[in-house]
1. How about residue 142: which aspartates and glutamates have a C-alpha closer than 17 Å to its C-alpha, ignoring those fewer than 8 places off in the same chain?
2. Quote to one decimal, in nm, the extra length available between residue 248 and residue 282 on full extension: 0.36 nm per residue of separation minus the C-alpha distance between them.
3. Can you run phi through the Karplus equation (6.51, -1.76, 1.60; θ = phi - 60°) for region 305-315 and list ³J(HN,Hα) in whole Hz, with x for Gly and Pro?
4. If each Cα of region 131-280 is one equal point scatterer, what is log10 of I(q)/I(0) from the Debye formula at q = 0.11, 0.17 Å⁻¹?
5. Quick one: if you stick a label point 7 Å off each Cα along the C-beta vector at residue 52 and residue 79, how many nm between them?
6. Return the FRET efficiency for the residue pair residue 224, residue 67: r is the Cβ-Cβ distance, R0 is 25 Å, and the value is rounded to the nearest 0.05.
7. Hey, what's region 138-282 come to in accessible area per residue, 1.4 Å probe, Å²?
Amino acid sequence: MKRILPLAAIGFAVLAALIWLAFGRDEGPEPWLGYVEGEGIEVAAPVSGQLATLNVQRGGQVAAGQALFALNAATTEAELKRLEAQLASAQAQRDDLTKARQRPAELDVARAQQAAARAEVTRTTRDYQRIATLAQRGFATKVQLDAARAAAESARASLSQAQASEASGELPGRADQIAAADAQIAAAQAAIAAQRRRGDEIAPLAPVAGLVEQTYFNPGEWVTANTPVVRLLPPGRIRIRFYAPQAAVSALRPGTKVSVTCDGCGGPVVATVRYVAPQAEFTPPVIYSERARSKLVFLVEAYPDSGIERLRPGLPVEVLPR
């Protein structure tokens, strides 16, 4: 009887353990699935051109201000020379407007024409006076008198025209013409500044230090305008993108702390939620889980507080609330 009681106790204990393992085991909350994403910087040129040089390699490190790549500068330099010639022309036109409108030789011609007109005035005036005297005596007709008067008036008009021509030739350009020339100079200078800026943009420098995550072209290939050539990943620009169910998203607000785990990451990484999507979506195909498939979830983004060096872009993670 004494031997039966211990055996019965052991049997009941084993049975209770099996029942607990089968039904009473607490597996804990189901983790939210996601992945690590790097916030890279893509560097492009604003114009199309042939890639002349690629100064970095994928997987390498660059310092801020280091040359990344350069497009062929032949077209850019030719356009710069054209704009500089246009500026020189505008400046020469403006200088010409501030001087006398006629050259010295042209002014000499105008003065000679004025002298000839003055002599013609003297001659026609004397002829008119002579014919007027004869007309008073009855030796000249009214027609002759009128013709002499018209010749004298025409000579005086020619003299006035010659004097006006000389005076206008000595004046500089009008104020509105000078203002228009100044505007052309300003426009040419702005175009040159923009073109020089473009010359810098086709050979960009690294805006920050970081990892060369990707290069998209090789030297000799044609690059269209605004197409990225190099993608940089600055240190610390890592975020966690995960998908939380509707029942849990109400507790996730910017500033909420979560715990992130992954294979090979060591211990959990603490991250802070910064963004919660305003609309729900179905779990994207990137989340390879039978349980999570076809669930309505909200995208959440969190940034690690520390342990960034343990997280690699593309690494799948599991997230739990803290």
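1. 127, 153
2. Numbers: separation 34, 0.36 × 34 = 12.24 nm, distance 1.53 nm.
Contour length minus the Cα-Cα distance gives 10.7 nm.
3. 7, 7, x, 4, 5, 8, 9, 10, x, x, 6
4. The Debye formula, applied to the Cα set alone, gives -0.87, -1.13.
5. 1.5
6. According to the calculation, E is roughly 0.75.
7. Accessible area per residue: 56 Å².
The values are calculated or read from the model by the stated rules, or taken from the named source; none is laboratory data. All values derive from a computational prediction rather than experimental measurement. Positions of Cβ are generated from backbone atoms using ideal geometry, with glycine treated the same way; all protein chains shown enter the neighbour counts. All accessible areas refer to the heavy atoms of the entire protein, side chains included, with ligands and DNA or RNA removed. Shrake-Rupley method; radii C 1.70, N 1.55, O 1.52, S 1.80 Å.
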